[in-house]
Structure formats: C-alpha cells, structure tokens
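Down below is the structure, laid out as structure tokens.
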Protein chains: 2
Amino acid sequence: MAAEGKDVILVRTETSPEDIGGMAVAKGVVTCRGGMTSHAAVVARGMGCPCVSGAGDIRINEPKRFLEVNGTKLSEGDFISIDGFTGEVYGAKIPVRASEIVQVLNGAMKESESILYRDYKSFMGFVQDLKEMGVYTNADTPHDAQMAVAFGAEGIGLCRTEHMFFGGDRIMSIRKMILANNIVEREKALAELLPMQRSDFEEIFLALDGRPATIRLLDPPLHEFLPNDHTSRHELALQMGITVEEVAQKSSALHEFNPMLGFRGCRLAIIYPEILRMQVRAIIEAALNVKRKGVEVLPEIMIPLVGNYKEFVFTKKHALEVIETIFSEQSLKVHYKIGTMIEVPRAAITADEIAKEAAFFSFGTNDLTQLACGFSRDDAASFLGAYVNDADKQFYEYDPFATLDVNGVGKLVEMAVKLGRSANPSIKLGICGEHGGDPKTIAFCNKVGLDYVSCSPFRVPIARLAAAQAVIEARKNA
Amino acid sequence: MAAEGKDVILVRTETSPEDIGGMAVAKGVVTCRGGMTSHAAVVARGMGCPCVSGAGDIRINEPKRFLEVNGTKLSEGDFISIDGFTGEVYGAKIPVRASEIVQVLNGAMKESESILYRDYKSFMGFVQDLKEMGVYTNADTPHDAQMAVAFGAEGIGLCRTEHMFFGGDRIMSIRKMILANNIVEREKALAELLPMQRSDFEEIFLALDGRPATIRLLDPPLHEFLPNDHTSRHELALQMGITVEEVAQKSSALHEFNPMLGFRGCRLAIIYPEILRMQVRAIIEAALNVKRKGVEVLPEIMIPLVGNYKEFVFTKKHALEVIETIFSEQSLKVHYKIGTMIEVPRAAITADEIAKEAAFFSFGTNDLTQLACGFSRDDAASFLGAYVNDADKQFYEYDPFATLDVNGVGKLVEMAVKLGRSANPSIKLGICGEHGGDPKTIAFCNKVGLDYVSCSPFRVPIARLAAAQAVIEARKNA
C-alpha cells in the first residue's frame, strides 16, 4: 500500500532488522511485543517515526491481514491513528500535523510565519550558552544527520553501519559475505559493499559539515541479515549458485541460544578482520574525498563490545594498518580517532587498561544495563514492569532501559570514567545508549563529567535543555 | 537400549534438561556442540559420567539413528569408547575399569586390598590438616551427596532443585504449574510437587549427616520444562484437559530471544511467590523431619540471580513468613540461613547493600563470567577458542569458563568480598560455579578470603589438594 503512495501504519508482532524498509516508508509503527528500547522503538525513534511498542492486547493474523483487539477487528486498509507519546492506538482516522518547529526546519513553513519557532530559537540560544556537555545525535543516514544538525546536534555520537546494509542490493552482498566459504569469497562480497559504504559516509560527512562523526563498526549477530522464509532463501541460493539446503544449513549453524551473548560486536572483526578493514577503508576514503571538496571531516572509528583491552589492541592494529596504507596511497591525511564503546561490564572495570589505547569511550548503556542487570530489553517484559510499578516491589524507581539505573549501572559508568581518566587524562567520554536522550540520565552524565551525550535526532532539543538544566542544578548545589 | 540393561553412550548434537533421564542411565555422553561448561558437561560431571562435549566433526542423523565423522559411519548398536579427560572418541570397544579409589569408596573393593587407596587416605590426611577453606560439593541427588562426602566434601554448596523436577510424574506437575491460568491452579500443581521435593531434601539431609546444605531455589527459564515435540504436547494437553493449540500458544508466549537474560532466577519467585513458598516449605519440613530422627541439619536457602538488594528483601520476607509458620505449626525449629548467589554484575557492585540482609554469598561464577564478559558459554564457541588459543590473539590465558578470569571477573569477586564483609563481617562466602573445582581458581579464592569452594563430587579430592597447596603458596609469599 505504501508503494501506491498511501500513508501506512505498520503493525507487527515485533520488528526485526528485515523490517527496516517497511518502517522507513511507514508513517507510524505499532508492535505487540517490546518496550521503549525494543528494536521497533529504537529504529522508529531514530527515524522520527511515531511508534507504539508493546501493545500486548493486539492479536495479529498476518496471513489474513487483520488484527483483533478486545473484540474489535481491523483489516488492512482500515484507518488507525497512534500517539507515540502516550502509547494510545485509535481505531479511526484522527487529523494530525507536524509541529511548527519541525515545519520550519523542514522548510514547509517560513521562519517569519512562526512565532513559536522564533521563541524556540531564542530560548535555545540561552540553553546553548548555559550547557557544558556537547549534545550529539544517533544517526545512521544523511537525512537523520541533517535533521539532527537542524535541531542543534554538535556531531554524531553513534552511526550504526549495519542499518546501511539493508537497502537494495546491499543485503545481497552482505549475505554473500556471511555465507562465504573462505576469505577469497568473503573479500569479494566485501569489495561490493565498499563503494556503497563509502558513498554513505561521504553524504553523512557532508551533512555534518566538520562536526565529529562517531562510526560504529559492524555490531549485530550475522544471522540477523539472513532470510528466514523459504522464498528469500530460495532467491539467495539461486543468486549464489548454491542449494537452498546449504543456505538453510549455514543459517542454522549461525543459530545462537542467546544472540545478545554471542558472535557479535568486535568479535566479528576479530575472527574476520577483513570486515573491519573494508569498513575502515570506506570511512577513511570517504573522509579524504570530502576533505578534497574543502569540507572538514572528523571521523571517529568506534569498536563495539570490547570487554578486554587486548581485543581493542588487536582491532586498532588492523585499523591503523588500513589507514596508513590509504594515507600513503592518496598522499593525503585526515584527523581521526579510534575508540570504543563501553558496554560490557568487564570493560568498565578494566577501563584503565583500555584507556591507555583508546582515544574515546562511548557508554553503550543499553547493553551495559542488560549485562550488568542480567536482563535483556527484549525479554524483561514478563517481570520488569512489575519490578518498577507494583506497589509491593518498586525495585527500580524508573524503567532502567529508559532512565539510567544510577545506583547500579551508574556505578560502573563512574568507575570507568575514573579509571579511564586516570590512565588517559585527555580521553573523550560520551554516552550513546537510549539513555542519552533522557533528562534524568543527562543530569547524571553532567555530574560524572562526560564530555557529551548522544541521542535520537528528535530528542536533541530536549537533551540540550536537560544539559543546561543540569548545569544550573549543579551550580545551586555547589 | 539402556532399558534392556545394555551399557549405552548417549550421542547428541547438544543436550537439554529433557535429556537428564537419558544421561542418568548412560555410561558416557558425547555432544557435537558445547564446551566444558555446556549443559552436557556440567550435568555429566555432577553425575561422575564421562563426557566429551563439542566434538564438532560428528554429524548426527537422529531419525536414522547413526552418526558420521570424517567419513566413518557408526549406527546405534555399534561400539564407541570415550575419554572424558582428553576428549578422545574411539570407534571401538576399549576395556575400562573404575579407579581403585572409586572401587573402595563404592564398596567394590576392600580398603585392605588397595595400597593405592591407603596412600590416598594418608595423603588426604595431610591435605586436610593444611587447607583452610572448606571444600563443598555441587550435588542434586542423595547419591551424588553420598559420593561427595566419601570424597571428603564438607557440605553441599549448590543443590539445583530443578534437576529434581524431571523425574517420573514430577515433570507433569511442573508443567501443570507453568501452564496454570491462575494462582489457584498453580498452587494445586505446586501442592503435588511439595511431598516429592520434601522427600528429596530429607534424603539429601540424611546423606549429609549434619553438614550444611545450600539449596538453590528454582532457577531456569520455565520453557525449559515444556515439551517441544508434538507427541509430548499432545499428551500434556490430554492430561490437562486443554487443547494442543493452548499448550503450543503458552509455550510460544514463554519463548525468549535470550533465555539467559530473561524470566529466570529469583524473578520467577518474585512474580510467582507461591513457587518459592512451596520450595521453602519443602526444605524446612524436610529439615524438621530429619531433625526428629536425631540427625543434625543445616539448610541454607539460596536465592538465585539477585541483582538488586530489594529483590533479596522481597524473597527473604516470603521465605521468613513460611518458615515462621512451619516452626509454629510444628513447635520445632532448626537453624537455617538465607543467602544469595552473586552472579549478576550489579549484585557484585552493590554487594554491601545485599550483605546487610544476606547470611551468605555464593559466587555463581558461570553466570558472572557470562554477564561480565558478555558472552555465554553456549554461544562462545565461534570465537572463544580463537581468543584463547590463536597465536596472534591470546586475549585470555585460559578458557574463562574453566579458570576464573582473575583480571576481569575476579575484580568483581574481590569487590563483592570487600563490600560484603564491610557491611556484614560475619557473612559466609563461597563459590559454586564450575570454577570451584579448578586449582588455579581455588588459589585465587584462598587469596581473596573465601570460606569455601564447591565443585562436582568427582572434583572434590583435587579441590581439597588445591586448597592445601594454596595455603602453602600463600605462606611462601608471606
């Protein structure tokens, strides 16, 4: 229906990376499972797309294309409206419009026509003068980056390269890379991806116009990229000249009991350094191309899921080799940084060892919360609501995936800040988990001395305000 | 074949809790996936059953009941022999015999007939005099407990109550409990389990003869107890008077993306306190019954997977209510302790808060390693071997699931010991992960001041020796 140019709301039991295409064209997303940090919520937020996740009463009949909720049946083509702030879903068409501020930023309204926008602008001027931390954005596309910059973002704190792998022909190349039987086949598939990644990064660097861009290398488990249905497997087998059984067998070999605790993050780059080498090449070649156009670039290469400083040393060595080769090939250099996410508890408690080698830390507080507390954001629904809300429990004051658990996970962050700065006083410290857009967490980040927070584009104005308020609060208490 | 009285070696791609019955009658276990802390290895070790896990070259054809390995085909009924120490699998029958020491302890040989046994006994006398830490055992059955005591175990450090749920009628009762629609149905199913659990505990207490017994409350995700195949689902539906679809639907509702990070441990007892209340009743009633027979008992109730002291306070409150009720019903009391596993990083870093309420900590270093490092023992095969063994990596000196990662996970243990003792100087501290039987880890435990280590029955003599060696080593360095 979206292909026919109609406005569509995507309703799914839950979303997976394969839904990215559908989400990109949807005007809203509803999922039956998940919470505010589920895949659907995180991706939709990044896209500025309204999303209601965890609407547990909805039952979807996918083959027959209808849903039922408390006795009401709605079929494909019926109207629904959603409110991403309140989580309400209406079985009717409700008139909506973009806020004036977004309309001005989008160019749909002139600045001179909107008093609201002019007030916003002057208020954000005070905010900018007061705040001390930088406010970056989590953006995976040039469009997101542009939007965030319009909202006042001072850089990209998290660019997830894997989201770039789902469009058009790319998914086929990444699947070939995953199913490769040897390094030759793998490098051939990677060579197909290189120009696509490079042009993505060029556009992002241009959109940032000299602001720093923290780019995370490939992070998710590889099976997330493989097709689950027979039709897609058949198509993949045809294209690769192998049998459907081989595709199924390789997919099954990649199956994991706990994908969150499996073969992902820098582990991919360590077992297959050629993946990292392609990505680093794409980043640095893009940076040089943009620099040649006279636009400043500041790439910051981020290694995900490091738990042991030796993992960082290993991946950094490969990255440096590639970078030096390109500098010498092109007789041109750019400034860059190589740093790491701090999202594994072991990394936080050995942060001094890592800081000796890393130019920056970015706290990946989604994963850090999951691992420190031992519950995943996707699987905690059966108890975490009761933990926060039940009158006889209240174990956590807020949802720990929305507001950082300062008394627990926060201790790990403080420890890593202290250990990191003790070993490397000039280390740059930030946060790129979903918490980076939460005002209470931003106050904590200001208190422990982070250099910046990073959040979804549409949360940037609130984050800037919260950063300013944190400074005022700190002065009052001083 | 085992039912015909033949000696059988169980060969499986991997084992799950449903295989416990098969493992109990097998003379050996081989799995294609997994490592030394996989389900197969842990359970087999506890049973004193030789096991080779992670024999990745074996391909099993289950329907046709044969296996293939490097071109050799072996069918059900063919002989194989295995060496659990070296991991070798032989496609032939090789003569085996129990060690003399085991033969004497089993009563198959007289003490007077074995010089080896008498040497062992006098040597272990020196060991006993030297060592300072207690050596407990991980035992889930009276037989394991007896064996461990014969090897010199001074108590049970980990009794996993869930393994008791798989035998005979019990699995049906636990399934009814899981599929219950409300608390009435759930309590009815629990009432069926109560006498079975109580009699298990009585036998274990009798086997321990006054030694402490640390009993862990229900820990694994509930879906581990549900049948996966259609036949068993059908049988369950029939017995419960519901449809197969309802069974399938409820099983599917319990599905988790990352079961290790889901609804398990004390989270079960917090959402369904009636489960905890049944288990505590079974433990305490068993203890009183055994006390009445004139045998001393020391039950230690262990709450698993605590991450927040408020979880501990909540579960302890329920346990105390049940205990006080039983004491008053029976006008008899026993000494008992209520403590917790330390296996969630958040628990280690907030150990002072927990120690104010807990009588003991037992470090569950399997889970603590998984969460601190962010990799699970079941899913790490694709990279952890390379991390330890590859000449260009060597990120960890030893497999961190076999020998405690002293530089990372060990820091969390030290932190928890220090914080725990600072808040509660009389707290009892031990370790019950697989690491508790590893000599290098035992030296670390001695150094940080644990009161005891706990390991599989057949590792008890080695653990006692290692505990004595650690003392000698510490004196040399003093």
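The values are calculated or read from the model by the stated rules, or taken from the named source; none is laboratory data. Here the structure is a predicted model, which is why all the values come from computation and not from measurement. Cβ sites come from the backbone with ideal geometry, for glycine too, and all protein chains shown count toward neighbours. For the accessible areas, the whole protein counts, side chains as well, though only heavy atoms, and no ligand, DNA or RNA atoms are used. Shrake-Rupley method; radii C 1.70, N 1.55, O 1.52, S 1.80 Å.
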Handout entry: Considering residues of the stretch B:378-410 that are among the charged types (D, E, K, R) and touching an Asp or Glu at 6+ places or on another chain (Cβ under 9 Å) only, the residue most open to solvent (accessible area, probe 1.4 Å)
Key = B:Glu397
Exercise for the section: For residues that are crowded, with 24+ Cβ neighbours inside 10 Å and at pLDDT below 95, tally how many sit in the stretch B:420-459. Expected result: 5
Practice task
Please state which of the following conditions B:Glu187 fails to meet, knowing it meets all the rest: (1) open to solvent by 40 Å² or more (accessible area, probe 1.4 Å); (2) part of a helix (DSSP H, G or I); (3) free of Cβ contacts under 8 Å to residues at least 12 places away in the same chain.
Solution key: (3)
Completion exercise
Note on A:Pro299: of the conditions (1) crowded, with 24+ Cβ neighbours inside 10 Å; (2) in a helix (DSSP H, G or I), unmet is (2)
Practice task
Would you check if A:Ile242 is open to solvent by less than 60 Å² (accessible area, probe 1.4 Å), over 25 Å from A:Thr15 (Cβ atoms) and away from chain B (no Cβ under 14 Å)?
Solution key: yes
Practice task
Say whether the condition of being more than 14 Å from every other protein chain (Cβ to nearest Cβ), of a type in the set (Asp, Glu) and either at negative phi or part of a loop (DSSP other than H, G, I, E, B) (or both) is met by at least one residue in the stretch A:419-442.
Solution key: yes
Handout entry: Elements of type helices (runs of 4 or more DSSP H) contained in the stretch A:302-402, each with 1 or more residues being within 11 Å of chain B (Cβ to nearest Cβ) and at pLDDT below 95
Key = A:381-389
Exercise for the section: Mind telling me which of the residues A:Lys310, A:Lys317, A:Lys337 ends up being surrounded by fewer than 21 Cβ atoms within 10 Å (Cβ to Cβ) and within 20 Å of the chain's Cα centre (by Cα)? Expected result: A:Lys337
Practice task
Any residue in the stretch A:108-128 that's over 18 Å from A:Ile472 (Cβ atoms): show its pairings with residues that are hydroxyl-bearing (Ser, Thr, Tyr) at Cβ separation under 7 Å, as long as the two are six or more apart or on different chains.
Solution key: A:Glu111/A:Tyr117
Exercise for the section: Taking B:Ala347 as the residue in question, decide whether it is open to solvent by less than 10 Å² (accessible area, probe 1.4 Å) and touching a Leu at 6+ places or on another chain (Cβ under 8 Å). Expected result: no
Exercise for the section: Select, from A:Asp438, A:Asp399, A:Asp379, the only residue that is out of contact with any Ser or Thr (no Cβ under 8 Å at 6 or more places or on another chain), among the acidic types (Asp, Glu) and without any contact (Cβ under 8 Å) to a residue 40 or more places away in the chain. Expected result: A:Asp379
Exercise for the section: Output yes when any residue across the stretch B:54-69 is closer than 27 Å to B:Thr137 by Cβ and in contact with a Ser or Thr (Cβ under 9 Å, 6 or more places away or on another chain), and no when none is. Expected result: yes
Handout entry: Conditions (1) at pLDDT below 95; (2) not in a loop (DSSP other than H, G, I, E, B): number failed by B:Arg198
Key = (1)
Practice task
State which residue is surrounded by the most Cβ atoms within 10 Å (Cβ to Cβ) when the search covers only the stretch A:247-276 and only residues that are away from every other protein chain (no Cβ under 14 Å) and in contact (Cβ under 8 Å) with a residue 60 or more places away in the chain.
Solution key: A:Val247
Completion exercise
By my count, helices (runs of 4 or more DSSP H) wholly in the stretch A:60-168 with at least 1 residues that are among the acidic types (Asp, Glu), within 30 Å of A:Val448 (Cβ to Cβ) and in contact with a strand residue (DSSP E or B) (Cβ under 8 Å, 6 or more places away or on another chain) are A:142-150
